[in-house]
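Below is one structure, written out as C-alpha cells; the observations come after it.
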Amino acid sequence: MYDYLTKIDVNCPIDESERKRKLSVHKAAAQKADDAHVVFRMNEVFLDVCDASYQQLGWGIMAFLIGFPGAVYGAGLMVEFTQLGELLWAIWALFAGFCMLGIISLVLLFRDCFGYRHKTVRFNRKNRMVYAFRHSGPGGVVAVPWDRAFFFPHRQASNSMMGGAPTVMRCFVLADDGKTIKDTFSFGLRVVNGGDEDGAWGKEVLQSVLANFEFIRQFMEEGPANLSVERYMPEGPSLKASFTIWFDGFREVGMIARALTMVAAIPMVFMSIFHYIAQLTSREPVWPEDVRRASETAPTSRVPVAQS
C-alpha cells in the first residue's frame, strides 16, 4: 500500500530493524514533549493531529504541472513522426510511454487534490483507541487500541531530491499473531535528515520526532492538563498556514545562513502555493458516527480551534 507517495509493505512480518525501534506507550520517548505544530484540536477526551503526508502536499501538483504537459507534447510529437514510416514500432512505443507518463501525472495530482485536506489521526484517551481517517464510508477509518498499536520512528530510504531520509512516526496495525502487519499509517511531525542518526544533527532530528510522540503519549497516559499547544493548525484552507509549513525551519537558522538560503527558498514559495491549492480543491474529513460518539465531551468542554 501507499502512504501518500511512499510504498509500505503490508501482509508481511515486521522487520527486525523495525522491531528494535518500537516505542513503549508506558515509557517516555523523549525528555521533553513538543506539539511540533501538528495539532488540529485537543480537549480532555481526544487529540487530533495531522498525518505525516499533510506536510508533503504540493509534490503531486508540481509533478503534474511538469509531467502532464510534457506527456501531451511528447505524445503529439510521436503521432506526427508516424507519418515518416520509419521505425514505426519504436515511435508507437514512445507514444505509449508518454501516455503512461500522463496517467502517472494525473494519479499524482489526485494524491493532492479533489480528496481530503488532511487524513486526521485521532487519539482518544477515554476509550484508549487510535483512529486514522482514510475516506468516508465503510472501511474508511483504521482503528487500533492504543495499548496494542506498534509505534516506531520510521526512517525511510534516503532521496537526494528530497534532501535526505524522511523520518516519521509510524503505526503498524498487527494481526492476532502479533507479527504480521495488517495496516499502517503515519502521523505527526515529518523531518528530513541528510546524514545518519549517529551524528549530532541526526540525533537532534530524531529527537524532534520522538518529542512529538512524547506529547501524544503524555496526552493518552496522563491527560492534557500539563500540555500546551503553541500553535493549532487550521482545519480549513489557509495560505498563511501553507507558507508556515514550508518555512517553519527558517526561524531556527542564523541570519547569515538565512540569507544564503533565500535563493533556495524560491521553490518553497511555489510549494507553499501548491499546498494551498491542494487544500482549496479538497474537502474536510468527516468522522463516522461511531467515532464521533466515542469522542463526545462534556457540555462545558471547549475545543480550541485554530483560526486561519
- GNM on the chain, C-alpha springs below 10 Å: top fluctuator among Asn226, Asn124, Asn212? Asn226
- Net charge near Gly223: determine it from the other residues with C-beta under 9 Å of the C-beta of Gly223, scoring Lys and Arg +1 and Asp and Glu -1. -2
- Give the cross-link partners of Lys22 among the lysines, using a straight C-alpha distance below 21 Å as the criterion and excluding same-chain residues fewer than 8 apart. Lys7, Lys32, Lys179, Lys182, Lys203
- Item | Shape category assigned to the range 1-73 from the gyration tensor of Cα positions, a/c cut at 1.5 | oblate
- Message: Out of the trypsin sites (Lys or Arg not before Pro) in the range 1-105, which ones are loop residues according to DSSP with at most 11 other C-beta atoms within 10 Å?
- Response: Lys27, Lys32
- Message: Net charge within 14 Å of Arg292 by Cβ-Cβ distance, Lys/Arg positive one each and Asp/Glu negative one each, not counting Arg292 itself?
- Response: -1
- Query: Okay, helix-only estimate at 222 nm for the chain: each DSSP H run of n ≥ 4 adds -39500 (n - 2.57), divide by all residues, round to 500 deg cm²/dmol; what do you get?
  - Reply: -12000 deg cm²/dmol
- Query: Which residue, Arg125, Arg293, Arg170, has the most motion in a Gaussian network model of the chain that connects Cα atoms within less than 10 Å?
  - Reply: Arg293
- Query: Given DSSP loops and a limit of at most 13 other Cβ atoms within 10 Å, what is the longest stretch of the chain that contains no such GluC sites (Glu not before Pro)?
  - Reply: 87-229
- Note on the structure: For Lys240, counting only lysines whose alpha-carbon sits under 24 Å away and dropping same-chain residues fewer than eight positions off, the answer is Lys119
- Query: Given the options Ala132, Ala200, Ala278, which has the most mean-square fluctuation in a GNM of the chain, springs set between C-alpha atoms less than 10 angstrom apart?
  - Reply: Ala200
- Once Asp248 and Ala143 are pulled to full extension, the length gained, defined as 0.36 nm per residue separation minus their Cα-Cα distance, is 34.7 nm
- Binned at 10 Å starting from 0, the alpha-carbon pair-distance distribution of the chain in whole percents comes out as 6, 24, 32, 23, 10, 4, 2, 0
- Item | Net charge of neighbours whose Cβ lies under 14 Å from the Cβ of Asn127, counting Lys and Arg as +1 and Asp and Glu as -1 | +3
- Per Stokes-Einstein, at 37 °C and 0.692 mPa s, what whole-number D in µm² s⁻¹ belongs to the range 1-158, with the Kirkwood radius over Cα pairs as the hydrodynamic radius? 169
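Values quoted throughout were computed directly from the atomic coordinates according to the rules given, and no laboratory measurement underlies them. Remember, it's a predicted structure, so these values are computed and weren't measured experimentally. Backbone-built Cβ (ideal geometry, glycine too); neighbour counts: all protein chains shown.
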